[in-house]
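K.L.:
For reference, the structure I am asking about is given below.
The values are calculated or read from the model by the stated rules, or taken from the named source; none is laboratory data. As the structure is a prediction and not an experimental result, all values here were calculated from the model. We place every Cβ from the backbone using ideal geometry, glycine too, and count neighbours over all the protein chains shown.
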Amino acid sequence: MIVKFLRNKVVEVEPRKDGTLRVSWRLTDDLLKMEVNLVVQPPALEIIEATAELGRFVPKGLEDASEIIEDVEGVNIGAGLRKIVRGVLGGPEGQSLLSEAVLECCNAVILHFTRPGLEIGEALETDEERLEAVRAMVKSSPRLVRSCISFQDDSPIMKGLDL
Amino acid sequence: MLKYLRNKTMSVDRTAPDELTVFGVLDDDLYGVEMTAVFSQSALEILSVSGKWHRYTTPECPRALDMLQPAVGMRLEPGFRARVAKVIGRGACRHFANLLLEMGHAAKNAKMAIEYQEAAALDPGLSLEAFIADWRPDQAPPKAAAQSIHVKAPAPPQPAPETPPLADAPRPSGGMVIDLHVHTAPASPCASAPIDEIIREAKDLGVHGMVVTDHNYVWTSDDIKRLRDKHGFLLLRGNEVITDQGDVLVYGLERDIKGVIRIADLRAQVIEAKGFMVMAHPFRGFLITGAEQMGLSVEQAAQREMFKHVDAIEVLNGKVTPDENGFAAKVADALSLPGTGGSDCHEMGTIGCYATEFTVDINSEADLVQALHAGSYRPVRFRD
């Protein structure tokens, strides 16, 4: 059977010598070829540079994506990010493809910073130690509570946490 | 050297005349998941779904596989994203939800590609651009009863609890206690508690007044007066405005602002109206990481653009961690900006956890703005 549609997406975060992070996001599918690049300045995680390039069958409204995306420069990856990015790139009815690409870049930056903490927990020797590490993470980050199946009230992780 | 990389791949096969089978993989440094979902081509409805883990971060993650079935029956229609985020993201796993959304988008594009090929077979001169310009995914036959798969509706995920109170936050000392940050349903789409119920709870608790700060929503003065009279309770109006620098609480500006506004433009409007601006929860972090993990110092944080445009900083907010509140307080000190407190209440049981205590009587919105400008207040912890 010949496949009817294929899509590949990749996003990568690369720390640079000047202390910034370069985030590169690329999408290739049967209809669209798209690339978004951000430069993010820690520790405030300000987006200091944003570029976009589209090819193949460019959706209506995204012909000027390279100019539109500049509106996210100056935005911090922080509280209210989704509302801000969707808002500055054209509002809820606006350039959803572009705003979702930027949000995926930002999510990659967040996960880039999440990785070291998870690595510390993984390096622990026993299951009990690892469980305690996860519990400590929940205590310090109450937003995790009920955020997914692992942190629902009936999860063994949550036993005795009283959150 | 790369420290983080995520790949997502999707392929769509037409496995029956009205069935698109989508196979998706999400693979990154932390998580590895794959899913297979069958969509009806006509209605883009999920007919079946299954998943598999390859890499995860907690011992409970595998349980997510049992919680994917509520996706069956969902359609790619307005609200699909929010439903998947709520039911699959919170009830199962946000990474499966992420992948399923991507697979839905791929199914939609595959439907368009297939329908173009069929149309082009009848009209060889039809260009893809011309076809896409007129194509709509909802040009599908009505949902056939035979295709419906009835599943038990999942229990709505419960919201996260309030964060533990900041132990050393000051308590009220006889002044007038007003919660300056309250959301109500349905004015704020993210809130679940109607205003009448919140007012009753606030009164029972002993809060003296509250300011409704629904997102980009302006209550009419008539509605507020009616509620004040009905409950015999001090109810005032504010607004939580989305700016390019984050959420800003605004008092004394009666203007319906839609979408996102540049913070400098909002500042100009507030100055003209002689209103007051408070930077809301400025250091609210992400699920696991926050400002501390980024290595952000108080001095660096104080340089952020947002603080150049506000009169005060919310240093006690009920939706952030004690560390984030503490950090906001340090930044406010560094900038010599006053601090406020508010619950950021969105549901019952949360009003008044933090509030602001005024040393003068407040009876109107004009009184409130005047007292804020005069600095006659301090943030307090009110409810345990």
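K.L.:
Taking segment A:48-64, which residues are without any contact (Cβ under 8 Å) to a residue 40 or more places away in the chain, assigned to a strand (DSSP E or B) and either within 11 Å of another protein chain (Cβ to nearest Cβ) or among the small types (Gly, Ala, Ser) (or both)?
P.N.:
A:GLY55, A:ARG56
K.L.:
If you scan segment A:53-81, which residues turn out to be within 29 Å of B:GLY295 (Cβ to Cβ) and either modelled with pLDDT of 90 or more or aromatic (Phe, Trp, Tyr) (or both)?
P.N.:
Selection gives A:ILE69, A:GLU70, A:ASP71, A:VAL72, A:GLU73, A:GLY74, A:VAL75, A:ASN76, A:ILE77, A:LEU81.
K.L.:
A:ARG22 is checked against (1) part of a strand (DSSP E or B); (2) more than 11 Å from chain B (Cβ to nearest Cβ); (3) charged (D, E, K, R) and fails just one. What number does that condition carry?
P.N.:
For A:ARG22, the failing item is (2).
K.L.:
Moving on. Assuming B:ALA120 fulfils every condition listed in (1) part of a helix (DSSP H, G or I); (2) more than 23 Å from A:GLU12 (Cα to Cα); (3) more than 11 Å from chain A (Cβ to nearest Cβ); (4) modelled with pLDDT of 95 or more apart from one, which condition is it?
P.N.:
(4)
K.L.:
So how many residues does segment B:63-108 have that are within 12 Å of chain A (Cβ to nearest Cβ), more than 16 Å from B:SER50 (Cα to Cα) and of a type in the set (Phe, Trp, Tyr)?
P.N.:
0
K.L.:
Looking at this structure, is B:ASP256 under 23 Å from B:GLY206 (Cβ atoms) and assigned to a loop (DSSP other than H, G, I, E, B)?
P.N.:
No: the conditions fail for B:ASP256.
K.L.:
Follow-up question, since we're still on this one. Step by step: first the residues of segment B:285-313, then only those that are free of Cβ contacts under 8 Å to residues at least 60 places away in the same chain and among the acidic types (Asp, Glu), then the one that is farthest from A:SER150 (Cα to Cα). Which residue is that?
P.N.:
B:GLU299
K.L.:
In addition: Tell me which helices (runs of 4 or more DSSP H) are completely within segment B:274-384 and hold 2 or more residues being more than 26 Å from A:LYS139 (Cα to Cα), or say none if there are none.
P.N.:
B:298-302, B:322-335, B:365-374
K.L.:
Quick one: B:GLY89 ticks every box in (1) surrounded by fewer than 21 Cβ atoms within 10 Å (Cβ to Cβ); (2) under 17 Å from the mean Cα position of the chain (by Cα) except a single one, so which number is it?
P.N.:
Only one criterion is unmet by B:GLY89, namely (1).
K.L.:
I'd like to know if segment B:26-43 contains one or more residues that are under 28 Å from the mean Cα position of the chain (by Cα), buried (at least 16 other Cβ atoms within 10 Å of the Cβ) and closer than 20 Å to A:ILE2 by Cα.
P.N.:
There is at least one residue in segment B:26-43 that is under 28 Å from the mean Cα position of the chain (by Cα), buried (at least 16 other Cβ atoms within 10 Å of the Cβ) and closer than 20 Å to A:ILE2 by Cα.
K.L.:
So in segment B:233-253, with the set limited to residues that are touching a residue at least 24 places away in the same chain (Cβ under 8 Å) and part of a loop (DSSP other than H, G, I, E, B), which one is farthest from B:VAL218 (Cα to Cα)?
P.N.:
By that ranking, first place goes to B:GLN245.
K.L.:
Determine, yes or no, whether A:ALA101 is outside any strand (DSSP E or B) and either more than 7 Å from chain B (Cβ to nearest Cβ) or over 17 Å from the mean Cα position of the chain (by Cα) (or both).
P.N.:
For A:ALA101, the condition - outside any strand (DSSP E or B) and either more than 7 Å from chain B (Cβ to nearest Cβ) or over 17 Å from the mean Cα position of the chain (by Cα) (or both) - is met.
K.L.:
Something else now. Which ones in segment A:107-126 are of a type outside the set (Val, Ile, Thr) and facing chain B (nearest Cβ under 7 Å)?
P.N.:
Result: A:ALA108, A:LEU111, A:HIS112, A:PHE113, A:ARG115, A:GLY117, A:LEU118.
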